[in-house]
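Shown next, in C-alpha cells, is the structure this report addresses.
The values are calculated or read from the model by the stated rules, or taken from the named source; none is laboratory data. It should be emphasised that the depicted structure is a prediction, and the values quoted were computed from it without experimental measurement. As a convention, Cβ positions derive from the backbone with ideal geometry for all residues, glycine included, and neighbour counts pool all protein chains shown. Heads up: the accessible areas ignore ligands, DNA and RNA and are worked out on the full protein's heavy atoms, side chains in. Shrake-Rupley method; radii C 1.70, N 1.55, O 1.52, S 1.80 Å.
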Amino acid sequence: MALVPFPGSSSPHDLDPDPDFRTQTNRILRRDPGADGDRDEDEQEDDGEAKMSFLEHLDELRKRIIYAAISIFVGFLIAFIFIQQLFDFVMRPLQAGLPANQHLIYTEPTEAFVLYLTIAGIAGAVIALPLVMTQVWLFIAPGLYAHEKKMAIPFVVLSSICFIGGAAFSHYVVFPLTWKFFVSFTSDYLTFMPRIEPAFALYIKMILAFGLVFQMPTIVLFLARMGVITAGFMWRHTKYALLIIVIVSAIVTPDGGGVSLVAMSVPLFFLYLFSIALAWIFGKKREKELVEEET
C-alpha cells in the first residue's frame, strides 16, 4: 500500500524535526552568514579569491618562503656589517656571569668563526621579522574575509613586538639568572670552564623560547577576532591555563625546575591575563553570550 502524504504537507523537508538547526549548521560549516544573500559585499567578493587548489596553495607557500628567505638574507648582510657590536652584545651576559679572570673557550678551529656567522644570521632574522610575518599573513590571507584581512597590520606589528620583547626579557633578565645558577656549582672540587658552543646554544634556546611563548597575545587576538575564543572562555579556564603554562615552561627551559621555570611562568601568566583583556576589548562575542547579556 502506497503512503499518501497528509493534506497540506508541502515537502519531505517538513518531516525534519529541526530544519533550522540543520540549515544553521551547514551555514557555519561553509562560513556562510546567511542563505538569503544578506552577507556583506566584501565577503561575497572574497568567495572567488578564497578558493584555491592544492597546487596553488603549494605555489603560494613556495613564493612566500622565497620572499622570507630573501628578507632574512638581506637582514644577515646588514647584521654582518655590525657583527662586532652584536658579538659584544651577546657575549656580555655570558662573560658577566663567570668568575673573575675566567673566559669562555673554544676548542675547534672553526668554532669562533661559525659563532660570528650564527650571530649575524639570528640578528638578520630579527631584523627581517616584520617582513617574514608579513609573508606569513599573506599566505593565510586568501582564506579570510575582507574584514578579517584588516588585521594584517596589527598582526605584523604585535607579533614583531612580542617576539622582540620576549627575546629582550630573556637576554636581560632570565638568561643572566639561569647562567649564574649553573655557574654557582663551582667549588674547590669543580671548575667551570664553559665552551662557547654549548653556552651560546643555551643562550639561543632561551631567546627563541621566550620569543615564541610571548606570542600568546598575538594568537589570542587573532582567534578572538575570528570568533574562535572569547574572554569569558579564557577567564573560566584560567586554572587550566596556569597548569599548561607551568608544563610548557618546564619543557622549554633548560633547568626544568629552577629559576628559569619561575622566570618564564610568572610573565606568561600575566601575558595570559593581558590576552584576556585583548579578547574582551577586540574579540567577537559568541551568540550564546549575547543572548545571556540580553536576558
Of the conditions (1) in contact with a Phe, Trp or Tyr (Cβ under 6 Å, 6 or more places away or on another chain); (2) more than 25 Å from F214 (Cα to Cα), the single one that I70 does not satisfy is (1)
Against the condition surrounded by 16 or more Cβ atoms within 10 Å (Cβ to Cβ) and either closer than 24 Å to V259 by Cα or more than 13 Å from the chain's Cα centre (by Cα) (or both), how does L202 come out, does it pass?
yes
Mind checking whether some residue in region 244-261 is open to solvent by 30 Å² or more (accessible area, probe 1.4 Å), over 26 Å from Y203 (Cα atoms) and modelled with pLDDT of 90 or more?
no
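For T110, state whether it is open to solvent by 70 Å² or more (accessible area, probe 1.4 Å) and of a type outside the set (A, V, I, L, M, F, W, C). So that I can check it myself, show each step before the final result.
Numbers: open to solvent by 70 Å² or more (accessible area, probe 1.4 Å): yes; of a type outside the set (A, V, I, L, M, F, W, C): yes.
So T110 fits the description; yes.
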Please indicate, with yes or no, whether at least one residue in region 139-154 is over 15 Å from the mean Cα position of the chain (by Cα), touching a residue at least 24 places away in the same chain (Cβ under 8 Å) and either within 22 Å of V248 (Cα to Cα) or open to solvent by 60 Å² or more (accessible area, probe 1.4 Å) (or both).
yes
Output the number of the condition that P254 fails; it satisfies all remaining conditions of (1) in contact (Cβ under 8 Å) with a residue 60 or more places away in the chain; (2) over 14 Å from S275 (Cα atoms); (3) in a helix (DSSP H, G or I).
(3)
Is there a residue in region 101-115 that is of a type in the set (S, T, N, Q), in a loop (DSSP other than H, G, I, E, B) and without any contact (Cβ under 8 Å) to a residue 24 or more places away in the chain?
yes
From (1) exposed (fewer than 14 other Cβ atoms within 10 Å of the Cβ); (2) touching a helix residue (DSSP H, G or I) at 6+ places or on another chain (Cβ under 9 Å), pick out the condition that doesn't hold for F210.
(1)
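Please verify whether region 78-86 includes one or more residues that are part of a helix (DSSP H, G or I), of a type outside the set (A, V, I, L, M), open to solvent by less than 60 Å² (accessible area, probe 1.4 Å) and closer than 23 Å to V174 by Cβ. Give the derivation first.
Filtering region 78-86 down to residues part of a helix (DSSP H, G or I) leaves 78-81, 83-86.
Those left that are additionally of a type outside the set (A, V, I, L, M): 80, 84-85.
Then keep just the ones that are open to solvent by less than 60 Å² (accessible area, probe 1.4 Å); that gives none.
No, region 78-86 contains no residue that is part of a helix (DSSP H, G or I), of a type outside the set (A, V, I, L, M), open to solvent by less than 60 Å² (accessible area, probe 1.4 Å) and closer than 23 Å to V174 by Cβ.
Name every residue in region 165-196 that is part of a helix (DSSP H, G or I) and open to solvent by 80 Å² or more (accessible area, probe 1.4 Å), in order of residue number.
As a first pass, look at region 165-196 and keep what is part of a helix (DSSP H, G or I): 165-183, 196.
Hits for region 165-196 are Y172, L177, K180.
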Criterion: closer than 23 Å to I164 by Cα, modelled with pLDDT of 90 or more and surrounded by 19 or more Cβ atoms within 10 Å (Cβ to Cβ) - qualifying residue of L278, L271, L221:
L271
I'm trying to understand the selection: among the residues of region 257-268, which are over 23 Å from I161 (Cα atoms) and touching a residue at least 12 places away in the same chain (Cβ under 8 Å)?
G258, V259
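If I filter region 88-100 down to residues being assigned to a loop (DSSP other than H, G, I, E, B) and surrounded by 11 or more Cβ atoms within 10 Å (Cβ to Cβ), which single residue comes out as nearest to the chain's Cα centre (by Cα)? Show your work before the answer.
Taking region 88-100 first, the residues assigned to a loop (DSSP other than H, G, I, E, B) are 97-100.
Keeping just the survivors that are surrounded by 11 or more Cβ atoms within 10 Å (Cβ to Cβ) gives 97-98.
Values: G97: 31, L98: 33 Å.
So, considering only residues that are assigned to a loop (DSSP other than H, G, I, E, B) and surrounded by 11 or more Cβ atoms within 10 Å (Cβ to Cβ), the one nearest to the chain's Cα centre (by Cα) is G97.
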